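The values are calculated or read from the model by the stated rules, or taken from the named source; none is laboratory data. The structure displayed is predicted, hence computed values, not measured ones. Because the Cβ atoms are built from the backbone with ideal geometry, glycine has one as well, and the counts that use them run over all protein chains shown.
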Amino acid sequence: MSVRRLSKTQPKSFAFSKATMKTAEWWIAKYPADRKQSAVIPILWLVQKQEGWVCEPAIRAIAELLEMPVIRVLEVVTFYTMFMLEPVGKTALIQICGTTPCMLRGSEALMAVCKDKIGAKDHLSADGKFTWQEVECLGACCNAPMAQINDYYYEDLTPFELGRIIDDFAAGKKPTPGSYDLRRSSEPKDKVQTLLDPKLYDGSLAKKIKLPNTEPVG
């Protein structure tokens, strides 16, 4: 696992927005009073949604809110790679999957597009709008190559389509997530050849199965 450290440049302070605090309190209420530290991950996520990343003052504020040592929050935020420890693009955080299925389907060409249009990997673009990263498997191997952009998956990408998506984000548009090869979910790319008989998945066969007697003996 790579070493993850906080950004060398930090804001002087952090404050929860009213909406973030309201949702944080909802999460805290889900746990017993002496176990509210269990809400640390969702609250870290809320902070990241508010700020775009997790700064050191935010870590201290979360520790105070949850009455836990700062080092414990730091351990969590540096362990999980879903938490950004440096400022990222305000418009789009583009995470290109570089694991084997996506690599074999052309993810390196997608990264080349990002480098050309945005700049160096893991660095904020000159205009502050974009950041791109190479990440490990995002679990959409059937629709490789793919990328997660902000909260959504963009699948079956070509360099041309990714370039157009980046241009649309830059223009203030909201590109539609999902497959860019006209596929529905993760169905086969060409002819559908599985689960053609509705009885295999509509539950009708299951209704005819007689379960064994499970009554306790004696």
Filter pass, Ala109 being under 26 Å from Ala33 (Cβ atoms), modelled with pLDDT of 95 or more and not in a loop (DSSP other than H, G, I, E, B): no
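Here's the yes/no breakdown for (1) among the basic types (Lys, Arg); (2) at pLDDT 95 or above:
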site	(1), (2)
Leu157	no, yes
Lys173	yes, yes
Leu182	no, no
Gly203	no, no
Residues satisfying the stated conditions in region 15-58, i.e. over 14 Å from Pro87 (Cα atoms) and in a loop (DSSP other than H, G, I, E, B): Ala15, Phe16, Ser17, Ala29, Lys30, Tyr31, Pro32
Subset of region 10-48 that is in contact (Cβ under 8 Å) with a residue 40 or more places away in the chain and polar (S, T, N, Q) - its residue that is surrounded by the fewest Cβ atoms within 10 Å (Cβ to Cβ): Ser13
Residue, nearest to Ile59 (Cα to Cα), within region 108-121, restricted to residues that are in contact with a strand residue (DSSP E or B) (Cβ under 6 Å, 6 or more places away or on another chain) and touching a residue at least 24 places away in the same chain (Cβ under 8 Å): Ile118
Check on Thr91, touching a strand residue (DSSP E or B) at 6+ places or on another chain (Cβ under 8 Å), polar (S, T, N, Q), at pLDDT 95 or above and more than 30 Å from Asp190 (Cα to Cα): yes
Residues that are in a loop (DSSP other than H, G, I, E, B), of a type in the set (S, T, N, Q) and under 23 Å from the mean Cα position of the chain (by Cα), drawn from region 171-201: Thr176, Ser185, Ser186
Boolean, Leu46 is in the same structural domain as Leu162 (by TED's automatic domain parsing) and either of a type in the set (A, V, I, L, M) or at pLDDT below 95 (or both): no
Within region 63-86, tally of residues that are within 18 Å of the chain's Cα centre (by Cα) and either over 14 Å from Trp132 (Cβ atoms) or acidic (Asp, Glu) (or both): 10
Residue among Lys189, Lys115 that is out of contact with any Lys or Arg (no Cβ under 6 Å at 6 or more places or on another chain), modelled with pLDDT under 80 and surrounded by 11 or more Cβ atoms within 10 Å (Cβ to Cβ): Lys189
Some residue of region 145-153 being touching a Ser or Thr at 6+ places or on another chain (Cβ under 7 Å), crowded, with 18+ Cβ neighbours inside 10 Å, in a loop (DSSP other than H, G, I, E, B) and modelled with pLDDT of 95 or more: yes
